[in-house]
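Read the structure below first, then the notes.
The values are calculated or read from the model by the stated rules, or taken from the named source; none is laboratory data. All values reported here derive from a predicted model rather than from experimental measurement. Every residue, glycine among them, receives a Cβ derived from its backbone with ideal geometry; neighbour counts consider all protein chains shown. Keep in mind that these areas ignore ligands, DNA and RNA; they rest on the heavy atoms of the full protein, side chains included. Shrake-Rupley method; radii C 1.70, N 1.55, O 1.52, S 1.80 Å.
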Amino acid sequence: MALRLATPMDAPALVGIYGQYIHTPITFEYELPSPREFQDRITHTLEGYPYLVWEENGTPVGYAYAHRFKERAAYQWGAELSVYVAQGHTSQKVGRRLYGALMELLAIQGVRTVYGIVTVPNEKSEGLHRSMGFQDAGICRNTGYVDGAWRDVQTFEKAIGPYDLEPVPITPFPQLSPELVQRVLAKWQ
């Protein structure tokens, strides 16, 4: 098993994992993105935030990434997290390790609060967030129409940094020391 940074070359494998969720209420996308579109998503995400892959026997079985929570300037210290784990590998702490490493890297960047947006009910995702110290931040009702029904989404939030006055802008992920990133990833193996 290995925890590492994603690369655009991971796109086909990650599309395969994501495809297991495309016809469920877990994701609000209707169409599975192409590997090329996934490559672009990985590249764009890595310009500012971590994008991680969990491998077993050289094959990706899970991934997690972050992106800015909202676009306006005052939101820059918040990040939304996403995690997807291949069927057959859930409930094996893959999501926990991915989320743990992701939050540690985001804290180093200067992110103060992380958010998880979960279609409810989703016992595994709800359990992951609660077990990792996330707090309920509210439910938005009938937020999206997917899989034949209107779906609610639960927002979870967790503080990962101090709320100091006059915070400096977050550090873009590529500006973190590669050695520091590798130490964090090794810690969550």
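Numerical summary
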| quantity | calculated |
| --- | --- |
| Rounded accessible area per residue of the chain, 1.4 Å, Å² | 52 |
| Debye, to nearest 20: dipole size of the chain, +1 on Lys, Arg Cβ, -1 on Asp, Glu Cβ | 320 |
| Average Cα contact separation per residue, the chain, under 8 Å, 6 or more apart, as relative contact order % | 23 |
| Among 80, 55, 179: highest mean-square fluctuation, GNM of the chain, C-alpha pairs under 10 Å | 179 |
| Sequence-distant residues sharing a close amide H with residue 119 (under 5 Å, placed H) | 154 |
| Choice from 147, 164, 136 showing the highest fluctuation, given a GNM over the chain with Cα pairs closer than 10 Å | 164 |
| Of 167, 150, 178, farthest towards positive along the dipole that unit charges on Lys, Arg, Asp, Glu beta carbons give the range 140-189 | 150 |
| Amide H contacts of residue 61 (H built 1.01 Å from N, under 5 Å, at least 5 apart or other chain) | 54, 55, 56 |
| Long-range amide H partners of residue 49 with built H, under 5 Å | 173 |
| The range 45-189: C-alpha gyration tensor shape, a/c 1.5 cut-off, then a/b vs b/c | oblate |
| Percent carbon-and-sulfur accessible area, the range 42-189, ignoring ligands, DNA and RNA, probe 1.4 Å | 52 |
| Cα gyration tensor category, rounded, prolate or oblate, for the range 1-65 with a/c compared to 1.5 | oblate |
| J(HN,Hα) series, the range 96-104, from Karplus relation 6.51 cos²θ - 1.76 cosθ + 1.60, nearest Hz, glycine and proline x | 4, 5, 4, 5, x, 5, 4, 5, 5 |
| Relative packing of 98-104, 63-69, which averages over residues the other C-beta atoms within 10 Å, highest first | 98-104, 63-69 |
| Candidates 11, 107, 137, ranked by Gaussian network fluctuation over the chain, Cα under 10 Å, top entry | 137 |
